[in-house]
Structure formats: C-alpha cells, structure tokens
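The values are calculated or read from the model by the stated rules, or taken from the named source; none is laboratory data. Not measured: the values here are computed from a predicted model. Here the Cβ positions follow ideal geometry from the backbone for every residue, glycine too, while neighbour counts run over all protein chains shown. Side chains are part of the model used for accessible areas, which takes the heavy atoms of the whole protein and leaves out ligands, DNA and RNA. Shrake-Rupley method; radii C 1.70, N 1.55, O 1.52, S 1.80 Å.
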Amino acid sequence: ASVGSLPEPLGAAVRACALPSLPHEAVGSIIALLLAFRTGQAYDRFWEGRQLWDGVYSATRALVRLTSATARASGQAAGEGEGAAGESAALIVGLTAAYPYALKQHLRGERDVRELLEAATAASGGAAGGGARAGGRAGE
C-alpha cells in the first residue's frame, strides 16, 4: 500500500523524518503572547505621548488666550487701543506658537529655523487682531 500518492518505501522515509508537533505549538503560543504584550506596550507608549502632546497644545492655547486678553485689557486701560501692548502680545504669541514646532524638532533631532519662523510669523500676524491661534498642530 502507499501513503497518499507516494510509494510505500518513500512514505516510510517521510514518516521517519517527521517532527513532533508539540514544540511548534508551544513556540507558536509563546510568540503569540509576546506579540500581544508588545502590541499593548506600543499602544500604551503612543497614548502617553498623545496625552503629553495634548497638554503642550492646551498650554500654548491657554497662554495665547491669556496674552491676548491681558494685552487687550492693558491697552484699553492705557487708552491706546492695541499699540505697544499689542506689539508685545504679538511677539509673545509668535514665540508661543513656535514652541510646539521647536519641541517637535528637538524630539526628532531636527533643526529647521524656517519652520519656526513661519509658525511665529503666522501666529503673531493673527494675534494683533485678537484671533490668535496657538501654533496649530506641529505633529501633523
């Protein structure tokens, strides 16, 4: 008789070389558990970074709002409108807007002064009118 489509002598040689399945099953199970554990760790690190970045973003927005409100209040108290207080506020807003970009570049080991200047210029231009934005989403 033959084993499958193999002749009997060749079938016997194949059966003699067969490996037990238990080691493969055990190693496969261990690798599956390690892979699931590593995936969970990676997601936890991603989520922690996302929360920290959200904190940076929220802090810059709060600082811009505070700067704009303070500049507006001090300008009205002095009776000069936007004036010098507005220029100082625009400078603070520009530097605050550039901070997330500078942090991103630092964490990635990059240096791109042009990106920082563009962020600061765009934000400080909008700050004079009171519609300041806190630097956008630097990580995108």
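State yes or no: is GLU140 over 19 Å from SER58 (Cα atoms) and either modelled with pLDDT of 75 or more or open to solvent by 60 Å² or more (accessible area, probe 1.4 Å) (or both)?
The answer is no for GLU140.
Search the stretch 45-72 for residues that are more than 17 Å from LEU95 (Cβ to Cβ) and pair each with any residue that is in a helix (DSSP H, G or I) and open to solvent by less than 60 Å² (accessible area, probe 1.4 Å) when their beta-carbon atoms are under 9 Å apart and the residues are at least 6 apart or on different chains.
TRP53/PRO100; TRP53/LEU103; TRP53/LYS104; ARG72/ALA85; ARG72/GLY86; ARG72/ALA89
What number of residues within the stretch 29-69 are more than 21 Å from the chain's Cα centre (by Cα) and open to solvent by less than 40 Å² (accessible area, probe 1.4 Å)?
The total comes to 3.
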